[in-house]
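Working notes for the structure below.
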Amino acid sequence: MSNTQEMVTMQTDDLLITAGSELVDTRRRASGQEFVWGYYFCIENTSDEKITLVGKDWNITDSNGNSFSDSTPGFQGEMPEIEPGEYFEFCSEAPLKASSAVFYGSCRVLKAGKKIAQNIKMPILQFNAGDSLVFACN
């Protein structure tokens, strides 16, 4: 039986962000064991104006001291526009060579009528091979 990690919810400005992670797979490789972590974010617009998610700046640091980052525009080729009361869900995976890691960062949000995007802090996720959370992402 595995330990279940709770979803993390964080309100930042006019965004309600829910996040979770799960150990999707472990694989034996010639170079050692690989841990495939899945992570999920739901970004809800709680303001009274449309926003656009224009990018992200995410980092993962594993227990071996290795760091990985993703500072790219959009989300898998999309720059989602979120109307008031709507949300955007995002799932991805990260293969790591360590059984534990920490995920942290921000997303860039452009509010309607503004010219400069704002960095919004994302919830910090702890990846630990002893913990798991099951989520579905279609």
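Looking at region 68-83 only, could you name the residues that are surrounded by 15 or more Cβ atoms within 10 Å (Cβ to Cβ) and part of a loop (DSSP other than H, G, I, E, B)?
Within region 68-83, just P80 meets the criteria.
Mind checking whether some residue in region 86-102 is more than 17 Å from V36 (Cα to Cα), modelled with pLDDT of 95 or more and exposed (fewer than 15 other Cβ atoms within 10 Å of the Cβ)?
Yes, the conditions are met somewhere in region 86-102.
Given the condition surrounded by fewer than 13 Cβ atoms within 10 Å (Cβ to Cβ), acidic (D, E) and under 18 Å from the mean Cα position of the chain (by Cα), answer yes or no: does some residue in region 38-60 qualify?
No - not one qualifying residue is present in region 38-60.
Please enumerate the residues belonging to region 26-55 that are closer than 13 Å to S92 by Cα and not hydrophobic (A, V, I, L, M, F, W, C). Lay out the reasoning, then the answer.
At the first step, the residues of region 26-55 found to be closer than 13 Å to S92 by Cα are 36-42.
If the condition is that a residue be closer than 13 Å to S92 by Cα and not hydrophobic (A, V, I, L, M, F, W, C), then G38, Y39, Y40 are the ones that fit.
The values are calculated or read from the model by the stated rules, or taken from the named source; none is laboratory data. Here the structure is a predicted model, which is why all the values come from computation and not from measurement. Heads up, the Cβs are rebuilt from the backbone with ideal geometry, glycines too, and the neighbour counts pull from every protein chain shown.
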